[in-house]
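Chemist: Pasting a structure below so you can have a look.
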Amino acid sequence: MTPADRVLSQTPPADGAGDPAAAFVLGERLSLGVAARLSRYLQVLTQAKKMGKETVSSRELSDYTHVNSTQIRRDFSGFGKFGKRGVGYNVDALVSEIRKILRTSGQHNIALFGAGHLGQAIASSDIFADHGFRLVAIFDTDKRKVGQTVGTTKVRHSTELRSVVEEEDIVVGVLAVPTAAAQPIADDLVEAGVKIIFNYAEALLSVPPDVTVHTSSPAVDLLYALYFYLT
């Protein structure tokens, strides 16, 4: 894979990819397929928890994730016994276990770039906080936005990036900027030592091999949904 944008798909890969039990027991990295499915399960379970649901069945998870219910049971059984036949899975317990498996039980600090409409929507929502990510800084190059408060976070100028990354121990940079601005910001993040970039822009980012880029595209999600509708 080239240094150009390494894109991690938002949609779960095909059933049967990877051996979750072996990877977890040996302390090895999960396969991309297993990690993607577990992350999707966690997203659905987190929303179910917020809605007050105490249990969820593999069939319900399948309906929301488009992962075969047999595959879901296989994934969970690889890490232990979480559910009861006829009852389903305890939502709280499963959320806790999946977070441990994905090693996301703690809090991780993130920085958001772009205080425009998209950035404001992201900063004002629980989209990251629900999964243990703490928004500690918002950056923008527009002097009219610098100093304003978005959600509960004050907007800083991008020139403060390096010092803030070090002070706040930022591990993820989220780009909600125009396509043309994405690569320069990615370069600054890499120089500051950030290893994970979540990209909402359409730009194909060029980064070193040890930096992970995840590009989120509504168009890709729509194509995925359209495929199931047409087939």
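Chemist: May I ask you to order 134-141, 40-47, 171-178, 201-208 by the average number of other C-beta atoms within 10 Å around their residues, highest value first?
Modeler: Working: 134-141: 20.2, 40-47: 18.8, 171-178: 22.1, 201-208: 17.0.
By packing density, highest mean first, the sequence is 171-178, 134-141, 40-47, 201-208.
Chemist: At a 10 angstrom cut-off on C-beta neighbours, averaged per residue, how do the peptides 107-116, 146-155 rank from highest to lowest?
Modeler: Going from most to least packed, we get 107-116, 146-155.
Chemist: In the range 143-220, what percentage of the DSSP-assigned beta bridges are antiparallel, given to the nearest 5?
Modeler: Taking every DSSP beta bridge within the range 143-220, about 20 percent pair in antiparallel fashion.
Readers should treat all values here as calculations from the given coordinates under stated rules, not as data from a laboratory. Keep in mind the model is a prediction, meaning the values are calculated, not measured. Because the Cβ atoms are built from the backbone with ideal geometry, glycine has one as well, and the counts that use them run over all protein chains shown.
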